[in-house]
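The structure appears right after this line, and notes come after that.
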Amino acid sequence: MRNISSKEYYNTTMSMLLLGLNLVTTVGIAQQKQTLKEAYNGKFVIGAAVNEAQFSGRDTLGAMLVATQFNSITPENALKWQSVHPKPNQYNFEAADRYVAFGEKNHMTIIGHTLVWHNQTPRWVFQDDSGKDVSKEKLLERMRDHITTVVGRYKGRIKGWDVVNEAIIDDGSFNQSKWLKIIGEEFIAKAFQFAHEADPQAELYYNDFSMENIPKRMGAIALIKKLKAQGITITGVGLQGHFQLDWPSIGQLDSTITEFAQLGVKVMITELDVDALPQPDWTATAEITKRFQYSEKMDPYKAGLPDSMQQVLANRYADLFAVFNKNKKHMSRVTFWGVTDRESWLNGFPIRGRTNYPLLFDRTGKPKRALEAVLKVAGNP
Ligand code: G3I
């Protein structure tokens, strides 16, 4: 018998492991009476944020879960400014093209995320050759070029865009980003206008987190009213939905959906997950500049989520979906920020290196009790 090299041994072991995982997952899914998208068919579409490994098919298990369970996708990072437009005259659409092709192959509602944000936008966007802030005119010209190129490329294929992301802070005022400082508040209306010009049929959204808290919600409502009064096309508002076990309250969430719906915009949950770990600071929900030191105490479920906590998470998901279900006439989509617990951004935020459990599929892709709970709620009228 020939000796196999350590590389061959590694590859064979990995293939067997993956086969095993796929099998376990397939059995788990086969036991599911309905998939998520089937369960909510006719109510709202069910989406997932996907990473490159999933939409390129490298992560076979992830790609399979996305294709079977979801009917909408959002790119976790592939369409952000730094990914598609890293240098002044350089666009890079390789990954984004594959993302859109994956969605089309699977007949999904394809979402674009995000056009104008202060994060994951290269520094050059705001600077001239000497490193000073560019003029308002120059920044508007760069914004128009970016939006026209990116939205134009996928015209008629990407159904809706998160046009402006996270422009408001907790107290309801505008984030003091370079966009605001250089252009002024008008940058928001301009971004929507450029996107509408690039694809008049595309749905256009304002997307933000923690709008369940009243001051921030008031800021967003004022913004949407103002945009509408100016005749700007804005189709919807994305409540990101980076939730915790005890925040927001069901009442807060319900009234948030109602108040936005009353403005005549579609409401969608765009980045849903439920943080199952202790919170160092409740205001940190998705503000990525907030980071905290690792400690064992803050990472209590390294070895697995205890049964009692699985149930707490399942109950929380059931309560959240009961609110979405109740408001289904106002809601067009519920998108999860990831597919399995393994690749969730919450393993690294707001403390690096923790083991978190925020989604409906476990690290091996197996359905969790939270999934059963969400499917059960779909049966309610
Ligand atoms: O691509 C680089 C890679 O080249 C490098 O080797 C590696 C080393 O750290 O970093 C990679 O970039 C990372 C990127 O994700 C792609 O994986 C960044 O460090 C990391 O910060 C970045 O995190 C993303 C985060 O947005 C950044 O703003 C998360 O994946 C993504 O889930 C998260 O998504 C945001 C939404 O867009 C907006 N709402 C909040 C949500 C959660 O923060």
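The values are calculated or read from the model by the stated rules, or taken from the named source; none is laboratory data. Fair warning: this is a prediction, and the values are worked out from it, not measured in the lab. Neighbour counts run over all protein chains shown; Cβ positions are idealised from the backbone, glycine included. Keep in mind that these areas ignore ligands, DNA and RNA; they rest on the heavy atoms of the full protein, side chains included. Shrake-Rupley method; radii C 1.70, N 1.55, O 1.52, S 1.80 Å.
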Checklist line | Cut-off 17 Å, label 7 Å out along Cα→Cβ of E137, residues of segment 185-205 by amide N | finding: none
Checklist line | Inverse mean reciprocal Cα-Cα distance (Kirkwood Rh) of segment 246-330, Å | finding: 15.2 Å
Item checked: Potential lengthening between A53 and A222 on full extension [0.36 nm per residue; Cα-Cα distance subtracted] -> 56.9 nm
Check: Along the positive direction of the dipole of the chain (beta-carbon charges: Lys, Arg +1; Asp, Glu -1; about the Cα centre), which of N71, P350, N106 reaches farthest?
Finding: N106
Margin query: Heavy atoms only, 1.4 Å probe, whole protein assembly: order E372, E76, E104 by accessible area, highest first.
Written below: E372, E104, E76
Note to self: Based on Cα coordinates alone, diagonalise the gyration tensor for segment 160-293, multiply each eigenvalue by 5, take square roots, and list the semi-axes in whole Å, largest first.
What the structure shows: 26, 17, 13
Check: What percentages, rounded to whole numbers, describe P(r) for segment 50-114 computed over all alpha carbon pairs with 5 Å bin width beginning at zero?
Finding: 4, 20, 29, 25, 12, 6, 3, 1
Item checked: Span from the segment 317-381 Cα centroid across to the segment 247-265 one, whole angstrom -> 19 Å
Note to self: Calculate the FRET efficiency for E186 and R352 from the Cβ-Cβ distance with a Förster distance of 45 Å, rounded to the nearest 0.05.
What the structure shows: 0.75
Checklist line | Convex hull volume per residue in cubic angstrom - Cα atoms of segment 90-215 | finding: 114 Å³
Checklist line | Accessible heavy-atom area order of D162, D319, highest first, probe of 1.4 Å | finding: D319, D162
Margin query: So if I restrict to the alpha-carbon atoms in segment 219-279, what is the Rg, and what is Dmax, the biggest pairwise distance, in Å?
Written below: 13.5, 44
Next item on the list: Could you sort out which of K33/K297; K290/K326; K328/K368; K225/K376; K33/K105 sit more than 32 Å apart by Cα distance in this structure?
Entry: K33/K297; K290/K326; K225/K376
Margin query: Amide H of V45 versus every other amide H placed in the peptide plane: which residues, excluding those fewer than 5 positions away on the same chain, fall under 5 Å?
Written below: R333, V334
Checklist line | DSSP-defined beta bridges in the chain - what % are antiparallel, rounded to 5 | finding: 10 percent
Next item on the list: Pull up all non-local amide H partners of T340: gap of 5 or more, or a different chain, and H-to-H distance under 5 Å with H placed in the peptide plane.
Entry: none
Next item on the list: Taking every pair of Cα atoms in the chain, average 1/r, invert it to obtain the Kirkwood radius, and report Rg/Rh to two decimals.
Entry: 0.97
Next item on the list: List the residues whose amide H sits under 5 Å from the amide H of W161, counting only those 5 or more places along or on another chain, with H placed 1.01 Å from N in the peptide plane.
Entry: G112, E203, L204, Y205
Notebook entry, point to check: If you build the Cα gyration tensor of segment 238-381 and take the root of 5 times each eigenvalue, what three semi-axes come out, in whole angstrom, biggest first?
Noted result: 26, 18, 12
Notebook entry, point to check: Tell me, what HN-Hα J-couplings in whole Hz come from the Karplus equation 6.51 cos²θ - 1.76 cosθ + 1.60 at θ = phi - 60° for each residue of segment 117-125, using x for Gly and Pro?
Noted result: 8, 8, 9, 6, 10, x, 4, 4, 4
Next item on the list: Could you work out the relative contact order of the chain, using alpha carbon pairs under 8 angstrom and six or more residues apart, expressed as a whole percent?
Entry: 17 percent
Check: H118 to Q32: extension gain in nm, 0.36 nm per residue of separation minus the Cα-Cα distance?
Finding: 26.9 nm
Item checked: Residue-span extension gain [Q230 to F292] - 0.36 nm each, minus C-alpha spacing -> 18.2 nm
Next item on the list: Sum -39500 (n - 2.57) across every DSSP H segment of at least 4 residues in the chain, then divide by the residue count to get the 222 nm mean residue ellipticity, nearest 500.
Entry: -12500 deg cm²/dmol
